[in-house]
Amino acid sequence: MPNEISKAIVPAAGLGTRLLPATKSQPKEMLPVGRKPVVQYVIEELQAAGLNQMLIITGRRKRAIEDHFDPDPMLLSALEQAGNEALLSELSFIQRNTRFFYTRQSSPRGLGHAVGLGADFVDDDDCVVALGDSLIAGEDPAAPVRAMLHTHQDLKAAAVIAVEQVPADEAHRYGVVSIKGAEPPPGEPVVLTDIIEKPPRGTAPSNLAVAARYVFSPAIFEALGRTPPDRQGEIQLTDAIKSLIQMGQPVYAWPLRADQRRYDVGNFESYFRTFIDLVLADERYGYLARQYIKAKAYEL
C-alpha cells in the first residue's frame, strides 16, 4: 500500500490588487463568502479529504490568515461555558487534528515560486496544492481532491490536475491543457499532453482550464528548480508541469463533474457571483436570501 498523503500547500500570497480597496488592509483570501472567509472553505475541503498538515504560503499584510486558524482557548472556553454548541461547531475547523505551518513569499514571484517554498515542508512526500482564493462547491466539495489522491497513487503519477470546461472565449484567462484522445467522462483521469498559461485569445488548444487543485509527487520541486522566470520575472507552475510532461513523467488531468464547480475569488465580478451562489445555497440562511432576492427582483 502506498503511503497516505497528508500534506497540502495552500498558496495565499497574492497581492489582490484587482479587489482593491477591499483588500487594502486584509487578504483577499479572508474576504467573507457567506458565513466564512474564502480560505476557510479551502481548508475545510482539504480536511474532509483526509489531509491534516497544511502549509499556507502568505505574504505581507496576510497575518489575518494565521490569526484565523490559530486556536483561541479563551473564546472556546467562553462558548463552552455559555453552552453555545452552534458557534462551537462553526469553529470546528480549528479543533480538528490539523497542524498549520506558514512561510512567506516576500515578493510576488509567481505561483511556481510560491509552491517551491514548500519543498522542505513536503520532504520527498507526495502533496496536494490548493489555491487559497479558489473554492470548490458541490454536495461534497472534497470529492474531487479525494478522488485525485486515489488516482495519483493508483497510477503512480507525477501529477494529477483538476480541470474544468470554460467557454472558449474565456480560455485565454486560464491555464489550459491538451489531453490524449477524446475528452473523457467527467470524474475519470486522462493523460495530459500539454499545458499553457493564459494562451493568447483564440489560440487555446482546448476549453479545459486548470481548476486550482493539484496532486504532485516530489518531482514537481525538481521541475520548479529548473524552471526559468517568465518575462515578468515570475516562475509559473504551468511551466514546471510542462517540463514534467516533456520529460515523459506520467501527468493526468481530472475533469470536474457538472455538479462540481470551481469558484475563483480574483476580481469583483467573480467574488460577487461566488458570494451570491454560496449564500443562496447556505443551509441556514439560503431560504431567507432567496426570499429577499425574489422580492427585490420586482424592483429591477
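Laboratory data are not the source of any read-out in this text; all were calculated from the coordinates shown. Keep in mind the model is a prediction, meaning the values are calculated, not measured. No Cβ is skipped: glycine too gets one built from the backbone with ideal geometry, and neighbour counts run over all protein chains shown.
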Going by alpha carbons, how many degrees (0 to 90, nearest 10) lie between the helix axis of 38-48 and the longest principal axis of the chain?
-> 70
Out of the DSSP beta bridges found with both residues in the chain, what percent are antiparallel (nearest 5)?
-> 55
For every other residue with a beta carbon closer than 13 angstrom to the beta carbon of His150, add +1 if it is Lys or Arg and -1 if Asp or Glu, then tell me the sum.
-> -2
Ordered by residue, what ³J(HN,Hα) values in Hz, to whole numbers, does the stretch 17-24 give under the Karplus form 6.51 cos²θ - 1.76 cosθ + 1.60, where θ = phi - 60° and Gly and Pro are x?
-> 5, 6, 10, 5, x, 4, 9, 5
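Given the Cα-Cα distance of Ser107 and Asp140 and 0.36 nm per residue of separation, how much length would full extension add, in nm?
Values: separation 33, 0.36 × 33 = 11.88 nm, distance 3.51 nm.
Residue separation times 0.36 nm, minus the Cα-Cα distance, leaves 8.4 nm.
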Mean-square fluctuation maximum in Gaussian network of the chain, Cα pairs under 10 Å, restricted to Thr203, Thr274, Thr98, hits Thr203
Within the set of other residues whose C-beta is less than 9 Å from the C-beta of Arg35, count the net charge using Lys and Arg as +1 and Asp and Glu as -1.
-> 0
Most fluctuating of Pro21, Pro73, Pro144 in the GNM of the chain (C-alpha, under 10 Å) is Pro73
Please work out how much length the chain gains when fully extended from Arg290 to Phe272, using 0.36 nm per residue of separation minus the C-alpha to C-alpha distance, in nm with one decimal.
-> 4.9 nm
Net charge near Ala82 (other residues with Cβ under 15 Å of its Cβ; Lys, Arg +1; Asp, Glu -1) is -4
A chain fully extended from Met247 to Leu15 at 0.36 nm per residue, minus the present Cα-Cα distance, gains in nm 80.2 nm
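List the equivalent ellipsoid semi-axes of the chain in whole Å, largest first, each obtained as the square root of 5λ for an eigenvalue λ of the Cα gyration tensor. Please list the in-between numbers first.
On the way: eigenvalues 188, 112, 78 Å².
Ellipsoid semi-axes (Å, largest first): 31, 24, 20.
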extent check for the stretch 1-81: Cα max minus min per principal axis, descending, whole Å, gives 49, 39, 23
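Per DSSP H run of at least 4 residues, take -39500 (n - 2.57); add these up for the chain, divide by its residues and hand me the 222 nm value, nearest 500 deg cm²/dmol.
Details: 11 runs with 97 residues, N = 300.
So the helix-based figure for the chain works out to -9000 deg cm²/dmol.
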What is the set of long-range amide H partners of Val163 at a cut-off below 5 Å, with H atoms built 1.01 Å from backbone N?
-> Ala211, Trp254, Leu256
Percent relative contact order for the chain, counting Cα pairs under 8 Å at least six residues apart, stands at 22
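Only Cα pairs under 8 Å and at least 6 apart count here; give the relative contact order of the stretch 1-140 as a rounded whole percent.
Relative contact order of the stretch 1-140: 42 percent.
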Roughly speaking, what is the centre-to-centre gap between the stretch 226-300 and the stretch 1-32 when only Cα atoms are used, to the nearest Å?
-> 13
Return the sequence-ordered ³J(HN,Hα) values of the stretch 248-263 in whole Hz as given by the Karplus equation 6.51 cos²θ - 1.76 cosθ + 1.60 applied to θ = phi - 60°, using x for Gly and Pro.
-> x, 6, x, 10, 10, 9, 10, x, 5, 6, 4, 8, 10, 10, 8, 10
